[in-house]
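For reference, the structure discussed in these notes is given below.
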Amino acid sequence: MTHLLSAGDLSRDEAVRILDTAEELLSVASRPIKKLPTLRGRTVVNLFFEDSTRTRISFEAAAKRLSADVINFSAKGSSVSKGESLKDTALTLQAMGADAVIVRHQNSGAPHRLAHAKWTQGAVINAGDGTHEHPTQALLDAFTMRRHLGHLNDGGLEGRNITIVGDVLHSRVARSNALLLDTLGAHVTLVAPPTLLPVGVDRWPVETSYDLDSMMEKSDVVMMLRVQQERMNAAFFPSAREYSRRYGLDTARMNRLPEHAIVMHPGPMNRGMEISADVADHARSVIVEQVTNGVAVRMAVLYLLLGGSAEETTDEGETE
Ligand code: ASP
């Protein structure tokens with residue numbers, strides 16, 4: 001693995017290796033000193049052309065817990081707002097010696113361009129490109145599912161029923177999840193109004209449905225997606241109220257899930273729209289845990305891409 005551009009690029013073994021490594025690294029978060037020396041002297045650049053709260057902070061925390069130097073670059077207030085291109089920005093960062101570039105960009109494919117045009121020598125990690133992909137979100141979601149559902153079978157997600165609901169059309173999270181969960185043997189159903197399913201979804205490794213109610217009893221996981229108003233240039237549904245009524249998760253719907261089932265959301269949530277406040281704060285919702293797990297998963301990705309050794313991962317921080 002040289003870059004992490006798409007969840008679909010990961011083989012089953014690679015994906016499981018990341019999840020297993022994250023499992024070991026998760027314990028670092030509960031130590032008084034949350035740091036390992038593994039990436040000391042390496043430089044990680046957070047290159048964010050689009051707004052982000054949790055993903056940027058999560059990558060920053062992950063890199064710092066592995067002792068890397070972190071440079072945060074956000075397009076606002078930089079020369080990008082003066083018209084500097086992705087290429088020139090990347091070349092500047094390269095000149096500063098970036099070992100890894102974590103990129104979020106409004107255009108689908110931007111991280112691929114960065115990696116394939118070799119504008120940077122470092123490992124490129126896609127932190128969300130347009131409506132295309134967000135592979136580390138899918139990895140942290142799979143990690144969270146495995147921790148909750150692993151006891152039901154051999155510790156994996158084989159045969160589990162995952163229902164992903166809502167604005168699939170604008171969701172890079174849905175695509176990355178569909179690809180990764182398929183690799184891990186889970187069974188994915190996308191539920192959305194017909195207007196919010198992308199053209200070509202028939203080629204995704206999923207089933208689709210327009211009827212959320214019919215999915216409740218058979219779902220092991222329900223993942224609610226944010227209605228991405230900022231990407232909508234047309235009316236995709238009659239009203240917010242109508243959307244919530246048919247595709248929102250409220251307590252009555254949630255109570256029909258099997259007892260072991262969990263509720264997920266990648267954040268940020270529109271409370272009252274795709275998810276009610278009661279459900280968001282309910283014990284079976286694992287939304288805050290997803291954020292915690294995100295740091296461990298991103299540590300694992302950085303560690304595996306930038307090459308630490310197994311000894312360094314498990315040590316207590318005294319040796320390198
Ligand atoms: N935070 C996720 C993303 O960046 C999901 C969302 O924005 O709704 O894609």
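Quick note: the coordinates plus some simple rules give every number you see, no bench work behind them. Note that the structure is a prediction, hence the values are computed from the model and not measured. Cβ atoms come from the backbone with ideal geometry, glycine included; neighbour counts cover every protein chain shown.
From the gyration tensor of the Cα coordinates in region 26-113, what semi-axes in whole Å does the equivalent ellipsoid have, largest first, with each one equal to sqrt(5λ)?
After scaling each eigenvalue by five and taking roots: 26, 14, 10 Å.
What residue among N72, N46, N126 shows peak mean-square fluctuation when the chain is described by a Gaussian network model with Cα springs under 10 Å?
In this elastic network of the chain, the residue with the biggest mean-square fluctuation among N72, N46, N126 is N72.
Quote the convex hull volume per residue of the chain, based on C-alpha atoms, as a whole number of Å³.
Value for the chain: 136 Å³ per residue.
Pop the C-beta distance of S74 and D13 into the FRET formula with R0 = 35 Å and round what comes out to the nearest 0.05.
0.50
Assuming a strict under-25 Å limit between Cα atoms, what lysine pair count do you get for the chain once near-sequence pairs (fewer than 8 apart, same chain) are dropped?
Here the count comes out as 7.
Run through all the Cα pairs of region 1-54 and give the fraction in each 5 Å bin from 0, expressed as whole percent.
4, 12, 14, 19, 25, 20, 5, 0
What translational diffusion coefficient, to the nearest whole µm²/s, does region 182-320 have by Stokes-Einstein, given a Kirkwood radius computed over alpha-carbon pairs, a temperature of 20 °C and 1.002 mPa s viscosity?
Reported coefficient: 122 µm²/s.
Quick check on region 115-214: of the DSSP beta bridges with both residues there, what percent are antiparallel, nearest 5%?
Taking every DSSP beta bridge within region 115-214, about 10 percent pair in antiparallel fashion.
Just to confirm the number: angle between the C-alpha axis of helix 135-149 and the first principal axis of the chain, 0 to 90 degrees, nearest 10?
For helix 135-149, the angle is close to 60 degrees.
Order the peptides 241-251, 135-145 from the highest to the lowest mean number of other Cβ atoms within 10 Å of their residues.
135-145, 241-251
Report the Rg/Rh value for region 34-183, based on alpha-carbon coordinates and the Kirkwood definition of Rh.
Value, to two decimals: 1.01.
Grab the Cα-Cα distance for E289 and A252, subtract it from 0.36 nm times how many residues apart they are, and report the gain in nm with one decimal.
Length difference between fully extended and current span is 11.0 nm.
Using the Cα centre of region 27-116 as origin and beta-carbon charges of +1 (Lys, Arg) and -1 (Asp, Glu), tell me which of L47, S108, L86 is placed farthest towards the positive end of the dipole.
Among L47, S108, L86, the one farthest towards the positive end of the dipole of region 27-116 is L47.
Based on the Cα gyration tensor of region 205-287, what are the three equivalent ellipsoid semi-axes, each the root of five times an eigenvalue, rounded to whole Å and given largest first?
The three semi-axes for region 205-287 are 21, 15, 12 Å.
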